[in-house]
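The values are calculated or read from the model by the stated rules, or taken from the named source; none is laboratory data. Owing to the predicted nature of the structure, the values given are computational and were not obtained by experimental measurement. Positions of Cβ are backbone-derived with ideal geometry, glycine not excepted, and every protein chain shown enters the neighbour counts.
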Amino acid sequence: MLDLIIEGGIVVTANDRFLCDIGVKDGKIVEMAVNLDKEAKEVVDATGKLVLPGALDVHTHMAMPFGGTIVADSYLSGTRAAACGGVTTIFDYPVQRKGGTIMDLINSKKAVLEKEACVDWASHCIITDFNDGQILEEMEEAVKEGITSYKCFMVYKKAGMMVDDGMFATLLLRAKELGALVNVHAENSDMIDYFEAKFKREGKLSPWYHYLARQEFVEAEADKRALHWCKHLDAPLYIVHMADKEGLEACIEGKKEGVPIYIETCPQYLEFTCDVYKREDGRNFVCSPPIKGEESRQALWEAIKKNQVDVVATDHCPFQSYEKDWGIDDFTKIPNGCAGVENIYPYMLDAANSGKITFSQAVALCSTNPARIFGCDKKGAVRVGNDADIVIYDRDKDFTISVNNMHSDYDHTIWEGKKLHGYPVKTFLRGQLVYDNGDFVGKPGMGRFVKRVPRS
Ligand code: URP
Ligand code: ZN
Ligand code: ZN
Ligand code: ZN
């Protein structure tokens, strides 16, 4: 007796599409067949619908202290929103600080997530200080505990989060030794400081100057420097939230030469251009790196179409309006970050539904590639043996994004008014229904820690 059968749907994988019924038992996909002639406690009819793997949003910041406040989504509200957008695994970015250990940090987060998480979760650990080498030692144990990716910042010097190139290289080599992967936020910190000081002196303080302080070449230099270390140290590297054409093209060239580099971008860089910073609500779009010009936007889409981008993730980091308002007269006071975890999969699937990319590409970018790159060996595909993390998608359902139909705790969204053709109608987390046609039907605490496997 199976727990669940999803019947009649069209299964989409990263390279295929076929009619198939799916049998689920104990949270796993145990059978896939055209006419599954089995008993089940529950049968869900997916005739005419697409059956997709749940997405993995490998770039989120929930409940994180940042920009003088705390991110507006708790683990509970952020993962509830994730479930409602078809995301069944989120990756968190806890920040290690001077004197702090990796496992104390991860365990303190686990204590909260075990109570609050509505979808499964994994943690990349942000490293800001090596504690005289103790962190490099500890990484070995942490990798065994499933923490197989680490992040560093080439920026945020004033917040005490930046690493210099020496630390960056050390981290790259240590991670390589352990089968772990380094993620990097690439922008040139000194250029940003120079431009911010200049614009302040000149009284240029609108959100437009957030963009000008961190424009295309400021990101590109850091992308290329990161690529350079990755190439010459032959150590795998994942560049997060890439937004500029010049850096992107350099990394694509690197890939062609066999450099072990991975490229992530985010929906905000695919949808908007830097013109949003001239709008009256420009501060709501302030994130780092900032959204770039139309040339970069187009280059990112072209790269996606050619399978040269590995992952689309959100950098979900929302703040409330009153917090964004701190920067009404001074862009440097705006907490950096935007919402996205509930929008990413519907947004990329809408691009597939309109023929811009294929459904398989959307699945690869949001689910299969992130699962593979970050060692989630039971996720990222509708396949026998995998967790039954499944999204049923209705290609004909129209949906207009509004803060009123989102399931987060923030009070505004940069996606307000965006019309989508096609939308998820059900999300299953390990076989349990967590989202049903507009409503969250899961429970906090359902989410489990994903213990990841190191790279071979
Ligand atoms: O603006 C952003 N991206 N905020 C979150 C922190 C980061 O850099 O990813
Ligand atoms: Zn970042
Ligand atoms: Zn981020
Ligand atoms: Zn239609």
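Laid out as a table, the results:
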| item | result |
| --- | --- |
| Cβ pairs under 7 Å, 6+ apart, first in the range 263-279 and in contact (Cβ under 8 Å) with a residue 60 or more places away in the chain, second in a strand (DSSP E or B) | 264/59; 264/238; 264/239; 264/311; 266/312; 267/312; 268/338 |
| Sole residue being without any contact (Cβ under 8 Å) to a residue 60 or more places away in the chain and not aliphatic (A, V, I, L, M), chosen from 302, 342 | 302 |
| Selection status of residue 244, in contact with a Gly (Cβ under 6 Å, 6 or more places away or on another chain), surrounded by 19 or more Cβ atoms within 10 Å (Cβ to Cβ) and either modelled with pLDDT of 95 or more or outside the structural domain of residue 61 (by TED's automatic domain parsing) (or both) | no |
| Options 243, 220, 235, 159; residue that is small (Gly, Ala, Ser) and part of a helix (DSSP H, G or I) | 220 |
| From the options 46, 40, 83, 14, residue that is assigned by TED's automatic domain parsing to the domain that holds residue 266 and touching a residue at least 24 places away in the same chain (Cβ under 8 Å) | 83 |
| Residue 185 being in the same structural domain as residue 142 (by TED's automatic domain parsing) and more than 22 Å from residue 454 (Cα to Cα) | no |
| Members of the range 311-330 found to be in a loop (DSSP other than H, G, I, E, B), within 16 Å of ligand 3 (Cβ to nearest atom) and of a type outside the set (A, V, I, L, M, F, W, C), listed by number | 314, 315, 318 |
| Hey, residue 362 over 18 Å from the mean Cα position of the chain (by Cα) and over 30 Å from residue 142 (Cβ atoms) or not | no |
| Residue that is farthest from ligand 3 (Cβ to nearest atom), among those in the range 181-212 that are closer than 22 Å to residue 99 by Cα and aliphatic (A, V, I, L, M) | 182 |
| Single residue of the range 107-140 satisfying the filter (of a type in the set (Val, Ile, Thr) and touching a helix residue (DSSP H, G or I) at 6+ places or on another chain (Cβ under 7 Å)) that is farthest from residue 161 (Cα to Cα) | 119 |
| Within the range 41-65, considering residues that are surrounded by fewer than 19 Cβ atoms within 10 Å (Cβ to Cβ) and part of a strand (DSSP E or B), the one nearest to ligand 4 (Cβ to nearest atom) | 45 |
